[in-house]
Amino acid sequence: MEEDAVHFRGERRSCRFVWRESLDLGGFVQGLAVIEEPTATTLVPPGWRAEVARSGALELSKGEGA
């Protein structure tokens, strides 16, 4: 996992960059984050969470106030 600054909605923000293959079953990432894989890129906005489901798919869920 790496961290860098990005521009999100007109603001410079800290963002995590995660390789998809580094997330095990049940692993999760809180936004603001970018999950990268060879065929897709997933943006996890602030207040959201991405978790690896039993199926292996990424499930995004919105937290309160997001």
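What follows draws every value from the coordinates through simple rules; no lab data is involved. No experiment lies behind these values; they were computed from the predicted model shown. When we count neighbours, we look across all protein chains shown, and the Cβ atoms used for this are built from the backbone with ideal geometry, even at glycine.
Compute the FRET efficiency between Asp4 and Leu43 as 1/(1 + (r/R0)^6), taking r as their Cβ-Cβ distance and R0 = 22 Å, and round to the nearest 0.05.
Numbers: r = 14 Å, r/R0 = 0.64.
For Asp4 and Leu43, the calculated efficiency is 0.95.
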- Message: Give me the extension gain from Glu36 to Arg16: residue separation times 0.36 nm, minus the current Cα-Cα distance, reported in nm with one decimal.
- Response: 6.1 nm
- Evaluate the charge dipole of the chain about its Cα centre and quote only its size in Debye, nearest 20, assuming +1 on the Cβ of each Lys and Arg and -1 on the Cβ of each Asp and Glu. 260
- Item | Whole-number percent relative contact order across the chain, with pairs defined as alpha carbons under 8 Å at least 6 apart | 23
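Counting residues in region 2-62 as N, plug N into 2.2 N^0.38 Å and put the Cα Rg over that result. Could the numbers behind the result be given before it?
Details: Rg = 11.4 Å, N = 61, 2.2 N^0.38 = 10.5 Å.
Working it through for region 2-62, the quotient is 1.09.
Below 15 angstrom from the Cβ of Glu21, what's the summed charge of the other residues (Lys, Arg +1; Asp, Glu -1)? Mind showing how you got there, number by number?
On the way: positive: Arg20; negative: Glu2, Asp24, Glu36, Glu37.
My count for the surroundings of Glu21 gives -3.
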- Just grab the label-to-label distance for Arg54 and Asp24, each label 7 Å out from Cα along the Cβ direction, in nm (one decimal). 1.9
- Find me the longest stretch of the chain that has none of the exposed trypsin sites (Lys or Arg not before Pro), where exposed means in a DSSP loop (not H, G, I, E or B) with at most 15 other Cβ atoms within 10 Å. 10-53
